[in-house]
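Report on the structure given below.
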Amino acid sequence: MSSQIQIPCMVLAAGRGERMRPLTDHTPKPLLTVKNKTLLDWHLENLSRHGAHQVAINHAWLGEKIVQHIKNSSYPDLEISLSNEQVALETAGGLKQGMSLMTIQDYFFVINGDVFCPDFPFSTIQDTVEHLRQSKAVVLAHLFLIKNPEHNLSGDFSLKGGLITEKSDTLPSYTFSGAGLYHQDLLKGIKIGEIAKLAPILRTAMSHNQVTGELLNVNWVDVGTPERLAELNK
């Protein structure tokens, strides 16, 4: 098995970052810095270090700053494509447009540009993809979950026998980390340029037992408020 990422990857960087205002009035959220490095660069460095090649980054709010940042960066191992959203397309719509810039065989990896997770297990991604490919079941998505942080104590999903399920009273709930592996067929019902949310599409696939997941034990922060950013930079 290879620990090098051989599938296309996408970093989601199109959000407005309302809760981060006033910081995001002039800086897109993925360009906010933790320990003197932008959130975006934390991801790109890790992807490069783990052998990724094709990377798409979507942008909308203050997107020209992300374009300029990439122009001024040096990632010789990464073939970076920028997906310009004239209007924010929501997560699924953004993924669909970004997919058109990559050569996708089946699965691709996605991570939110506004999460800080320096020890995310990038080295296991390709092994997980191979496992999904060999599965007899149809798996349209594989989500990485984390233990519930203070700001999301009720969690997002439950995990039962490796399958992602709706939260229930009988199972512990966990928080979606913003990282996942998606099969191109998950989004086949969306047209390029269409505004579409990801959650309803995932829930439909979940109802058919087509979404798997795993629980990570990692240092993870959704950099969603100025206070959380300040805490990281202490």
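The values are calculated or read from the model by the stated rules, or taken from the named source; none is laboratory data. Because the structure is predicted, anything quoted here is derived from the model rather than measured. Glycine gets a Cβ as well: all are built from the backbone with ideal geometry, and neighbour counts include every protein chain shown.
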Qualifying residues in the stretch 135-147 (those that are farther than 23 Å from residue 13 by Cα and at pLDDT 95 or above) - the one surrounded by the most Cβ atoms within 10 Å (Cβ to Cβ): 139
Out of 96, 65, 37, 71, sole residue that is under 14 Å from the mean Cα position of the chain (by Cα) and among the charged types (D, E, K, R): 96
Odd one out for residue 200, checked against (1) part of a helix (DSSP H, G or I); (2) surrounded by 12 or more Cβ atoms within 10 Å (Cβ to Cβ); (3) not aromatic (Phe, Trp, Tyr): (2)
Failed item, numbered, when residue 169 is tested on (1) modelled with pLDDT under 95; (2) under 20 Å from residue 214 (Cβ atoms); (3) of a type outside the set (A, V, I, L, M, F, W, C): (2)
Residue that is surrounded by the fewest Cβ atoms within 10 Å (Cβ to Cβ) [pool: residues in the stretch 70-94 that are in a helix (DSSP H, G or I) and in contact (Cβ under 8 Å) with a residue 40 or more places away in the chain]: 90
So residue 214, is it among the acidic types (Asp, Glu), out of contact with any Ser or Thr (no Cβ under 9 Å at 6 or more places or on another chain) and surrounded by fewer than 19 Cβ atoms within 10 Å (Cβ to Cβ): no
Near pairs, Cβ below 9 angstrom, 6+ apart or cross-chain, from the stretch 11-29 (part of a helix (DSSP H, G or I)) to any residue that is surrounded by 11 or more Cβ atoms within 10 Å (Cβ to Cβ) and hydroxyl-bearing (Ser, Thr, Tyr): 18/24; 19/225; 20/27; 20/225
In the stretch 95-123, residue nearest to residue 38 (Cα to Cα) [restricted to those that are surrounded by 17 or more Cβ atoms within 10 Å (Cβ to Cβ) and polar (S, T, N, Q)]: 112
Residue within the stretch 166-188 that is in a helix (DSSP H, G or I) and buried (at least 18 other Cβ atoms within 10 Å of the Cβ) present: yes
Residue among 55, 67 that is of a type in the set (A, V, I, L, M), within 18 Å of residue 114 (Cα to Cα) and part of a strand (DSSP E or B): 55
